[in-house]
Each structure stands twice: as structure tokens, then as C-alpha cells.
1. For the Cα atoms of the chain, what angle does the longest principal axis make with the long axis of helix 567-583, in degrees from 0 to 90, nearest 10?
2. What part of the accessible area of the chain, given as a whole %, is carbon or sulfur when the probe is 1.4 angstrom?
3. Could you tell me which of the pairs Lys553/Lys588; Lys67/Lys194; Lys38/Lys192 are separated by over 22 angstrom between their Cα atoms in the structure shown?
4. Run the quick spin-label model on Arg69 and Thr113: label points 7 Å from Cα toward the beta carbon, then report their separation in nm to one decimal.
5. What do you get for the angle between helix 485-517 and the principal long axis of the chain? Use alpha-carbon atoms, 0 to 90 degrees, nearest ten.
6. Output the pairs from Lys99/Lys250; Lys443/Lys576; Lys576/Lys665; Lys521/Lys680; Lys325/Lys657 with a Cα-Cα distance over 28 Å in this structure; if there are none, say none.
7. Determine, from the Cβ-Cβ distance of Asn373 and Ser254 and an R0 of 45 Å, the FRET efficiency 1/(1 + (r/R0)^6), rounded to the nearest 0.05.
8. If you plug each phi of segment 284-290 into the Karplus form 6.51 cos²θ - 1.76 cosθ + 1.60 with θ = phi - 60°, what whole-Hz ³J(HN,Hα) values come out, in order, with x for Gly and Pro?
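The values are calculated or read from the model by the stated rules, or taken from the named source; none is laboratory data. Because the structure is a prediction, the values reported are computed rather than measured. As a convention, Cβ positions derive from the backbone with ideal geometry for all residues, glycine included, and neighbour counts pool all protein chains shown. Areas reflect the complete protein model, heavy atoms only, side chains present, ligands, DNA and RNA absent. Shrake-Rupley method; radii C 1.70, N 1.55, O 1.52, S 1.80 Å.
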Amino acid sequence: MTSILPGDIKKTSMSNSISVLTELLQIFPYWRPQMYFKASLTALSHAIEDQILAGSGYPLVIASFQKERFYRQEAQRYRRIAQKTNQVYVLTVPEIDFKNSSELYEKIAFESTDSLVQEWNLIVIAQDYASCLVCQERIGINHNDTYNNVDSAMDNSRRFDGIWTFDRQVSQHAADTLLRRILTYRPELKTKIKQARQEYLPVTILKQREENLKQKEINNSTWDCPDRYPEPFVQRLVSYLQAGQYELLKANRSLASKEHKERLINSVTSAIRRSLDPEEILHLAVQKLGEGLGGCRCLVYRCQETDSTVTIQHEFLSAGITSLKGKTWPLHNNPLFQEVIELRDALMVEDANNDPRIFNKIKSNSDLKSLQNLIIKCSISSWLLVPILYRGRLLGMLELHHCGPNPADWRDEDVALVNAITTQIGVALIQAEAYANLQDLNKQLEALDHTRSNLVAITGHELRTPLSTIQICLESLATEPDMSPELRQVMLNTALQDTERMCKLVQDFLTLSQLESGRVKWHTEPLNLAECVELSLSNVRSRNRNSNLPNIKNLVTSELPLIQVDGEWLVELLAKLLDNACKFTSSKGNVTIEVNSTDSNSLEVTVADTGRGIEPNCLETVFDRFYQEEGALRRSTGGTGLGLAICRQIVQGWGGKIWAESEGKDLGSQFHFTVPIFLKTTPCKTNKKTSSTKTSK
Ligand code: ADP
């Protein structure tokens, strides 16, 4: 017994790209191949093999299997068949250890490029009967079937085209074709094959074949044998089996699609629910969805209805598709996006190059051009947009792009699937948002708690200090009747000053808490800024009647446009800034107030001084409550440390900005803030102010 090693598979000189079926149909062109499911072929093959095992004589048996694993399932049967006859040939492409050998029967390992890889052939030629099953698998349908699910049910539904017959002549020709193929792989079997030919294939057949192939024309009558079809009853039985198989295939497909859908939804849901980070949720969703749906390009982004563009951050691409990551994606000028917003539902565009929604809805030519360019640049042939909604609120969008020459074959089930997934994404995003809000709230609460403790400490200190002074003064006045009138006056003045300071602190404190709580009703009106500046200056002057104020230059002219703010709060703000400027500048220094117009909507007011200045790292913190350069609990200059915090609240109240600038210690400071200009079209808000709106007045 000779055995040939796997490496010995000989390269065939002739081309084996033509299937046995094609060769057979060249000889018998009037034969029409029929469609067979794999399950039917298995049944037919088993029946033919059983016939060999049950029959007498020594038939010629040639079987070709598409894969070694299919052969392995039948190996036991072929060992039994080999006990009946020594003319058994089994062909397959090696996967594990199948190799050319001559043990119980002849094994022929063919190359993976041989057309036999796609074929299912079983030929039996016995003395009293012949049978021939020659089939070729339909490429494309079988392997790319629903969601590539190749479980055993789907495997049984693989489709073949072929001929099944008991016709001796057809069987002999099929055997002849396969024996020729075997010889190209195992030339050493020449003698054995010659014997087979002599015994099973009449010379006339071989001659006729050559002639027919030369002429490429067949005289049908030559081959018109009454037994070329199997019995009608058997034929019908096979047809019924096939029909049953077809029903099974349909049921399997729908089951597989449902199972796939559930699996995909579960996998996306469980992945995204594990995270509370919106970006991570979108990243996971787009990956899982892209892998599960197998589209060309899948995009997920967060957006609002009013957004004009979005930057693409999360995408899934199949090989060879252009990436859009980091690119600006149009929303406002995209009629498809606008329609999804209107519909509040998914939108499928089968043919992006000819969809009327794109071309009819765009008003401007430039918009149309830019969208067409986008379609071309991104090679979008079909487009699916599904909104991510939560209780009607748009949270984002999911897009599927099919890129390629032909439109995509998206079905309603696919759209329903994507819809179901976007619902899950919406829930996950809301969950993440709620968590983020909760965290924010926690931080705010912590900050509030911290502030509250600080406030208690600082306010306690700020109130206790003047209170102690007042107490000492009053006690001295009460217990020492002999006190000189001058000292008595000093005592009274000190007590009065500290009472005033306490009053101011309480007032500022109430004003600030009112502003911070948002309970202030703003009484905005068109105002002349110069008048407000004058008013605040006279307040400052009257408050500081007895002190030596620095030189104050008012550079604000009345030609400025009217402003639109609450006048009383503006005067309060200006007075506080001017008070500070005077307080921190020596009487020899200067304080200037001026106005610049920054843009057509607002004016910028600047209160500048040449005083003690502010360290650069304190320019922000001076606006914090109770900030004082000396430290809140070691206050030396007058003041409450609440003035600038109040100023910031006032400016923010009209949507303006306030900031401080200084070159540093002893180099003076400038405080800037913006006020809105009165626009004639702006309706004038005249909320009625209650007496409690300004406790500081
Ligand atoms: P205060 O009642 O202490 O003036 P503010 O909130 O008005 O409270 O000011 C906070 C702190 O900011 C002041 O104590 C001072 O240290 C600093 N500051 C405010 N205005 C000026 C200024 N014009 N020049 C220098 N420092 C200033």
C-alpha cells in the first residue's frame, strides 16, 4: 500500500476552474439543473450510499466533499463501502490531516483553488444501476446569508444547483470527468483508473465525449434515454422535501433575525449601561452597533435642534471607508436632519444621489452644492438617520451610511432595530446626565456647607468686634460719671462709628444674600450713564465728608448712548467701586472714572486709581465674599469685604462682566464692568419694585 505525504499534492497543469457540473452540461445541454438545499443533498447521498451497501457486485464509487470536516462525518460509511469494492475514490481539500493515500480506498487531496471546493459530487456505477449526483454551491447567497449566521440550521439551508439522475450515460460521463481530475492529482493511479475505465466506462462513451466536445453540438436523440430521470414518485418526494426545507429556511431566517436583534440590543444596552460618562456611552454604542449591523459607516453624536453643525467624535468604519472623525458635520443646512427633527422619527434615504427630499427642500444653491459635495466626498449611497430622543427631547443622532455603487438593502426590521438601540442610548445618556447633575449638586452642597461655616465664623467675628467696642464704651460712660466731657465725646463717637459699621455689615450681608438668591426684581430703563456717575460721586463725597479724598477725575460725558439697566443698582455699584478706589488711594493720588465703547451692544466703565494696587494672583479672588487683603479675620481698614461680591452680582444681573486689573503692589488698580446699551427695539422692562428689593438702600 503506498501512501503519499500531504506535501506531495501535485500542481495540476490543466485548469481545474471548470466545475464537473459545467463540463457535464456542455455534453448534455438539454439538462436543466435544479436547486437543492444541503439537507436534501445529504439525504440523497445517504440514500445512494445505502444502495451501494445493500447492493451486490463491485461498483465504482467517486465522492467529492467540499471540506475535510464534511468527509469526516461520512468516513465510517466509506470504510464500509470500501469493504464492498476496491474502486472507491474520495476527494476533498485538506484541513487537518487528509492527504493523498491508498489505504482502504483512494484519497485524493485537491487544492483549495480547485472548483471542486464548491461542489458536491457522488457517482456510482454498478452493474445493474448507476446514479449520479453532481452539484455546485450557489456563491453569494449562502455565505452572506442573514447576518452571516452559520448555525447548523442555516448550514442545512445552503443552496446548490445540480443534477441528480440514474441515467447511466450521464453517470458515466460524470465519472469520466472526475477520474480525469483524480489523475491530475494522483498520476500514480493511472493503471487503477485505466482498469476502472475498462470495467465501467464503455469505449463508445469516451469517444462520443471527445467528438461532442469537439463539435460542441449534441444530437439530443443520441442521449434520449427513458431512464434519465429518477422515478416521478421519487422526484416529487424530493420536491416536497425541498419545499419543507424552504419553509424551514424562512422560519430560521426570521428566528435568526429576531435573535440577532435581541442579542445586539442586549449587548449595546449592557455595554452602555455600565458607564455614566456620556462620551464613553456614545463610543461604546457606535462600536457595538457598527460591529452588529455591519454598515459601512456609523456615526453617533450629541446635538440640539438649534445646532448648526457638530464635530464628529464617535464613528465606526468598515475597511476602506473614509473617516469623518474631527470633521464638522452640517445640521442646520442638512434637510435630512431638519426633517428628522420635524418627524421625530427615523428617516431612510435609499438613494442619496437622487432623493427628492434632498433636492426639493434646499432653497439656496450653495446649500444644495455643499450637501451634494458632502454626499460625494463621503461616498454616501444610502443614508439612515435615527434621532436619539428622551421624552421627545432631542439628545443626539445616529447615522448609518452605506457607501458604494448600489443603494443599501435596509429593511424595516433593520430600522426598527436601530430605533430600539437609540432608545437605549437615550436612556443611558439621561442616566449619565442625571448622575452628572447629582454630582454637581453634591459639589454645590459641599461648597454651600463650607461657605456657611465660613460665614458663621466671619460674621460672628465681624459683629463681635464692634459689639465689644460698643459695650466697653457704653460701660465706661455708665460707670465713670467723672469722665471728662472730651473723653465722653470720644467714647460716644467710637460707639457710634462701630454701630454704623455693624449696620453696614448687616445691610451688605442682606443685600448680597438677596442678590445671590435671585429674588431681586430688576427695574431696567433707558438711562444716561453720566447722570448715574454724578449721583454715585455725590454719594461718595457726602459719605466721606470728613476725610481727605484723592483727586477724582470724572471723564464721563453725557453724549454717550443711553444704557439699559436698573439705575439704583448701577449707582450702588459705581459708589462701591469709587469708595474702594478712594479707600485704597492716598489723598495725593488720583481716581479716574471713564467710559469706552467696546461694541455696538455695550459700554465699558472703568474706575481706576493710583493706590495700593492688587497682587496679580488676587485679581479674581477680590470678588469673593469677605475677601480682604489682610485676611478676613484680621481686618484693619474699614469695610465689610462684601462690596465687590455685591458688585459682581449686580453686573451679572444684567448679563455684564466685571474684572480687575493691576500692575501689582502700589501700582494702582482698575475695575472694569460692562453695561448694555439701550437699543430702540429692546422692550423696556418696568417691573414694579417692592420696598424689600433693596435692603441696602
Ligand atoms: P471691602 O469692604 O473690604 O472694601 P470689598 O469687597 O469692596 O470689601 O473689597 C475686597 C478687597 O479687595 C479689599 O479689602 C481690598 O483688599 C481689595 N480692593 C478692593 N478695591 C481695591 C482697590 N481699588 N485697590 C486695591 N485693593 C482693592
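1. 70 degrees
2. Accessible surface attributable to carbon and sulfur in the chain totals 52 percent.
3. Values: Lys553/Lys588 13 Å; Lys67/Lys194 27 Å; Lys38/Lys192 32 Å.
Exceeds cut-off: Lys67/Lys194; Lys38/Lys192.
4. The answer from the label model is 2.5 nm.
5. 20 degrees
6. Lys99/Lys250; Lys443/Lys576; Lys325/Lys657
7. On the way: r = 41 Å, r/R0 = 0.91.
The calculated FRET efficiency here is 0.65.
8. Per-residue couplings from phi come out as 5, 4, 5, 5, 4, 5, x Hz.
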